[in-house]
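The values are calculated or read from the model by the stated rules, or taken from the named source; none is laboratory data. Nothing here was measured: the structure is a model prediction, and the numbers come from that model. Note that each Cβ is placed from the backbone with ideal geometry, even for glycine, and that neighbours are counted across all protein chains shown.
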Amino acid sequence: MIDGSHGYRPALGTFVRTGAFDHLTYLATPYSHPAASVREQRYRAACAIAAVLTAQGELVYSPVAHGHGIAVSGSLPVSWEHWKRLDLRMLRACDSLTVACIAGWQESEGVQAEIAAAEDMGLPVRFVDPCGNTMEDPR
């Protein structure tokens, strides 16, 4: 139902408060690893951080939360090389990059490529700890 306090944005197909901006952040987390148990742990961490940020009112896109089930169900590759086309396309649709500083983020080819791409695009980059709290740039 549309009333005076809400507007309709057909381009997004969502109801938003008048004047609200649908800022979308891309959540970068490590994923690829030879061990399936590590990938599962990283998937769960990405979901937990995305949940915290979402509960705080943020709009979050997590490529790991999106792709993990697809990769497992389709027995697809789990490498950055396989997923980078989709991930970079989704990053271009976002307004900022949020880097989750969980185990493996500094060594992750994908996370480092996402940071470089976001900086090249002029997107703001912020860093969060495993609980979703904003932190200083640890680089």
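Annotations
- Residue match in the range 80-89 (condition: over 19 Å from Leu24 (Cβ atoms), among the aliphatic types (A, V, I, L, M) and modelled with pLDDT under 95): no
- Selection count, the range 126-139, where residues are surrounded by fewer than 17 Cβ atoms within 10 Å (Cβ to Cβ) and closer than 19 Å to Val60 by Cα: 7
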